[in-house]
1. Can you confirm whether segment A:173-182 contains a residue that is without any contact (Cβ under 8 Å) to a residue 40 or more places away in the chain and under 21 Å from A:P263 (Cβ atoms)?
2. Report yes if A:P76 is in contact (Cβ under 8 Å) with a residue 24 or more places away in the chain and assigned to a helix (DSSP H, G or I), otherwise no.
3. Taking the residues in segment B:10-49 that are within 12 Å of chain A (Cβ to nearest Cβ) and of a type in the set (F, W, Y) as candidates, determine which candidate is farthest from B:A67 (Cα to Cα).
4. Would you check if there is a residue in segment A:112-133 being away from every other protein chain (no Cβ under 12 Å), touching a residue at least 12 places away in the same chain (Cβ under 8 Å) and either surrounded by fewer than 20 Cβ atoms within 10 Å (Cβ to Cβ) or in contact with an Asp or Glu (Cβ under 6 Å, 6 or more places away or on another chain) (or both)?
5. Looking at B:L146, B:L156, B:L137, B:L166, which one is of a type in the set (A, V, I, L, M) and within 11 Å of chain A (Cβ to nearest Cβ)?
6. Quick one: A:V89 ticks every box in (1) on the phi > 0 side of the Ramachandran plot; (2) within 14 Å of chain B (Cβ to nearest Cβ) bar one, so which box is it?
7. Got a number for residues in segment B:159-181 being loosely packed, with under 10 Cβ neighbours inside 10 Å, under 31 Å from the mean Cα position of the chain (by Cα) and aliphatic (A, V, I, L, M)?
8. Just the residues that are part of a helix (DSSP H, G or I) and either more than 20 Å from A:T296 (Cβ to Cβ) or hydrophobic (A, V, I, L, M, F, W, C) (or both), please, taken from segment A:36-60.
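The values are calculated or read from the model by the stated rules, or taken from the named source; none is laboratory data. Note that the structure is a prediction, hence the values are computed from the model and not measured. With ideal geometry, Cβ positions are generated from the backbone for all residues, glycine too; neighbour counts draw on all protein chains shown.
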Amino acid sequence: MAELWDGYLWPLIVIIAKIVLIVGPLLIAVAYLTYAERKVIGAMQMRKGPNVVGPFGLLQPMADGVKLFLKETVIPTGANRVVFVLAPVLTFFLALVAWAVIPFSEGWVLADINVGILYLFAISSLGVYGIIMAGWASNSKYAFLGGLRSAGQMVSYEVSIGFVLVAVLLTAGSLNLSKIVEAQRSVWFVIPHLPMFVIFYISGLAETNRCPFDLPEAESELVAGYNVEYSAMTFAQFFLGEYANMILMAAMGAILFLGGWLPPFDVAPFNWLPGIVWFFLKIAFLLFGFLWVRATFPRYRYDQLMRLGWKVFLPFSLFWVVLTAGVLLALGRLPQG
Amino acid sequence: MIVQALMFYVFAAVAVAGAVMVISARNPVHSVLYLILVFFNAAGLFLLLGAEFLAMMLVIVYVGAVAVLFLFVVMMLDINTLRLREGFLQYLPTGAVVGLILLVELAMAGGGWVFASDVEELRAVPVLSEISNTEALGRVMYTDYLYPFQTAGVVLLVAMVGSIMLTLRRRPDARRQNIAAQLARHKKDTLEIKKVPSGGGI
């Protein structure tokens, strides 16, 4: 009995507590990211943004959440019911599950696995299923076109993200996210890999279907794309998943290029702040860029989007991987197994 | 260990049940979705074996790329399941014969299988306890098996180029965007500013 308790039950309780500690703040962060988005874009367009519910409109996300919760879930008659309901659940689930390997600070990670970066890549490549399933199951032209566009777009940009990851992990010499952060103690990877960081950021925008690559939900032509037919909580799950994915992309950018929880300089005023605060500051910085881009750029045309992914990013990132390997070999810094 | 054993049976059972559903589901899209479920459980089995690199690669390559394209194509096909079932009895004898032959061949190949006596020495297995299995795979793949690995890559490349060549249609009438030409335009070549006196016209 004692063996069962020590071996399985107690670790299980600890893991569940950790999951709650990650998912709870994450959902609050998602809620306030929507608020931040409306405020930031409002400020950029010289509007006020939400300012009615609560002081400075701070309770607006809660009001939106309650509204969506109380609405009726409508399932279209011609829809494939099981897949229709499964799609938003899958999107939401995948957006949360990826956070298992994110190191928030030194040793603050739920699962410190050896192939952390591959796990993140695998989970983010699955994100397309929620959208393509939703598009098909809705039995609607707009949703289907949105789903197909999204599938093409996400598969294309994943390829260049893959090569970006290869360049980073060649330099770090490990697939473990904590070790990748530790490898940036002398210099953040954004400095030697600046072009890769730009490619990663733009591909991240495309991967999360954010403006200027939000063709899957282009409201001027597809009404709302893959989520036209969704209402109430099913829609909310898509929405939460999408924003959680944005935060995840920003976290990946912070870990791979901006040194994760490390302070910019390891000297007095900077290393007073705990690592997790630096990590959150970096995520917030990258997220602000996401919002800024949305307020600034018009939407891409689909053929231009494909051209950028396949004819610009892919050859360049491939070239950069070869260059990185060559430079590391010449300097004798290639990771030795 | 009991949890591992339990997980093995869960993954294995779901994988087998999913595989049965792949061939018995009426809707082809459902078939592909069940296939994805099977891939997932296979990845789970790899994880239980301690082969986490293979598990992740299975998810990235098969689930993240191959199955997406499957789903993409199957969704766009307008398959009438009723018409597909019409010829079922007609094709049954041929299918049964082919299946039977394959089964017998497999049984013969499997039954006559004997491990070579020196197979243990031939296995290029690095000691797993010292290094992670990602490293172990890399060491073997890029040293002992470099040429087979590269050949596999070249075969894939040839297949890719071949399929592109087969489906490529040259369309001289298509209007393509020439970005360099667009960027090379100057204001003074294309734009002329005129002072228009009011009521005078140009």
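1. Initially, segment A:173-182 is screened for residues without any contact (Cβ under 8 Å) to a residue 40 or more places away in the chain, giving A:179, A:182.
Checking the rest, the ones that are also under 21 Å from A:P263 (Cβ atoms) come to A:179, A:182.
There is at least one residue in segment A:173-182 that is without any contact (Cβ under 8 Å) to a residue 40 or more places away in the chain and under 21 Å from A:P263 (Cβ atoms).
2. Details: in contact (Cβ under 8 Å) with a residue 24 or more places away in the chain: yes; assigned to a helix (DSSP H, G or I): no.
Spelling it out, it is not the case that A:P76 is in contact (Cβ under 8 Å) with a residue 24 or more places away in the chain and assigned to a helix (DSSP H, G or I).
3. Within segment B:10-49, the match that is farthest from B:A67 (Cα to Cα) is B:F46.
4. Yes: one or more hits.
5. Values: B:L146 fails: within 11 Å of chain A (Cβ to nearest Cβ); B:L156 fails: within 11 Å of chain A (Cβ to nearest Cβ); B:L166 fails: within 11 Å of chain A (Cβ to nearest Cβ).
From the options B:L146, B:L156, B:L137, B:L166, the qualifying one is B:L137.
6. (1)
7. The number of residues fulfilling the criteria is 4.
8. Kept after step one, since they are part of a helix (DSSP H, G or I), are these residues of segment A:36-60: A:36-44, A:55-57, A:60.
If the condition is that a residue be part of a helix (DSSP H, G or I) and either more than 20 Å from A:T296 (Cβ to Cβ) or hydrophobic (A, V, I, L, M, F, W, C) (or both), then A:A36, A:V40, A:I41, A:A43, A:M44, A:P55, A:F56, A:G57, A:Q60 are the ones that fit.
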